[in-house]
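Report on one structure; see the data block that follows.
The values are calculated or read from the model by the stated rules, or taken from the named source; none is laboratory data. Just so you know, these numbers come straight off a predicted model, no measurement behind them. Here Cβ is always computed from backbone atoms with ideal geometry, including for glycine, and neighbour counts include all displayed protein chains. Accessible surface areas use protein heavy atoms only, side chains included; no ligands, DNA or RNA. Shrake-Rupley method; radii C 1.70, N 1.55, O 1.52, S 1.80 Å.
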Amino acid sequence: SQEPFPMPPEAFSRPVPLQDVTSAVVYGLQREVVGVAIGEQDEARRGALREWLATLSALLPAEPNRQQMGRLEAMCAHERAISPERWEELLGEIEAPLLPTGGPAGGIAWAACRGASADARGYPCGLWLLFHTLLAQARTDAQGVAALRAIRSYVRFFFGCQGCARHFLAMSNLEADPLDGVRTASGARLWLWRAHNRLNARLNASAASEVLRLGLPKQQWPTPAACPQCRPRYTAGGRRWELGAVAEYLHGTFCRPEPGRPCSSPGTVESAAGSSAVIGIAPYLTAPNLTATDAYYLTAGAVLAACLLACYHCWERASAPAPHAQQRRRQQTNRLLPPSPRSCGRGILWHDSDGSSD
């Protein structure tokens, strides 16, 4: 079997290398946005571009980088239509380098996102790091929510992998976890983290061999080694995530404080489940072509089945006949009853199932 590409040492850096973040910005502007023509009547795409540039100019680490994105944002504000040729002209009018702080020579070079080959990891990995970093830099709830919606619009209109964009947009519309339901900066960070883990689960389930060929097996993260306190407990659906610990981990991994611009606190966890939640057993399923919606309903079904099973065994124990009658019934039917549950009042766990792909 094929061995996965070893993790680059930079991938363990906290915060993540700024080089990967700036490379993702430059790659997107020079190679993705440039391929999308924006007509005079195309308000949606023009609005998405302006939102994206406004997000970069407000939240990208390093003041010189934010200033450069602010200049590009101001230039685009006067453009009604932007052809690929005009976009190249606008980029050419910005003093080089496009991002002066943290950017590698030539503008694009991957460190934490380095893969086994030129088509492995790279931009998709860097884009995730960029998204997480932008949300980590948000200092107000309004900034965080606006940035998350700008990320969705960027993926919708400018991400070159159309299939990937469709899956991301489908995740943003999940009835159980809609992007438009996010109201705080902390909620935005946790929503993107859940989306990232759902995508990793889907990639492992539907394209395992390709995942190994192009880079690394997709793990549910943070891994227990990286954050032992993030999911220390077990439930019927798998390990339970402690959302407060996850928020702290995201804060330490993606926020880059600057003089006079400290990182905001991770914030209060925004979740219907409270301070902890089960993302579910979906990340550990291997059924082909498993979608995020499928994963959600499979998880919900598994939890519901465990609850019903607990109720049944509690009822059976409460209504069981006297011991001698129960013994006669067992002898007559030659049936073995299941083992006694551990706690009828608090659910049932027949065994501890990790199922982790870490």
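Results for (1) open to solvent by less than 10 Å² (accessible area, probe 1.4 Å); (2) in a helix (DSSP H, G or I); (3) within 13 Å of Phe131 (Cβ to Cβ), shown as yes or no for each residue.
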{"residue": "Arg166", "(1), (2), (3)": "no, yes, no"}
{"residue": "Ala170", "(1), (2), (3)": "no, yes, no"}
{"residue": "Leu174", "(1), (2), (3)": "no, no, no"}
{"residue": "Asp177", "(1), (2), (3)": "no, no, no"}
{"residue": "Arg183", "(1), (2), (3)": "no, no, no"}
{"residue": "Arg189", "(1), (2), (3)": "no, yes, yes"}
{"residue": "Ala195", "(1), (2), (3)": "yes, yes, yes"}
{"residue": "Asn200", "(1), (2), (3)": "no, yes, no"}
{"residue": "Asn204", "(1), (2), (3)": "no, yes, no"}
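Taken over the stretch 125-137, the criterion of being under 10 Å from Tyr27 (Cβ atoms) and not small (Gly, Ala, Ser) is satisfied by Leu127, Leu130.
Note on the stretch 138-154: residues that are part of a helix (DSSP H, G or I) and open to solvent by 10 Å² or more (accessible area, probe 1.4 Å) total 8. Among the residues of the stretch 7-16, those that are buried (at least 17 other Cβ atoms within 10 Å of the Cβ) and either among the hydrophobic types (A, V, I, L, M, F, W, C) or modelled with pLDDT of 95 or more (or both) comprise Ala11, Val16. Could you grab me the full set of residues in the stretch 210-235 that are open to solvent by less than 30 Å² (accessible area, probe 1.4 Å), of a type in the set (A, V, I, L, M, F, W, C) and either at pLDDT 90 or above or in contact with a Phe, Trp or Tyr (Cβ under 7 Å, 6 or more places away or on another chain) (or both)? Of everything in the stretch 210-235, those that are open to solvent by less than 30 Å² (accessible area, probe 1.4 Å), of a type in the set (A, V, I, L, M, F, W, C) and either at pLDDT 90 or above or in contact with a Phe, Trp or Tyr (Cβ under 7 Å, 6 or more places away or on another chain) (or both) turn out to be Leu216, Cys227, Cys230.
Answer yes or no as to whether Glu63 is within 16 Å of Thr133 (Cβ to Cβ), in contact with a strand residue (DSSP E or B) (Cβ under 9 Å, 6 or more places away or on another chain) and charged (D, E, K, R). Against the criterion (within 16 Å of Thr133 (Cβ to Cβ), in contact with a strand residue (DSSP E or B) (Cβ under 9 Å, 6 or more places away or on another chain) and charged (D, E, K, R)), Glu63 qualifies. Within the stretch 155-164, the set of residues being assigned to a helix (DSSP H, G or I) and either among the aromatic types (Phe, Trp, Tyr) or without any contact (Cβ under 8 Å) to a residue 60 or more places away in the chain (or both) comprises Val155, Phe157, Phe158, Gln162, Gly163, Cys164.
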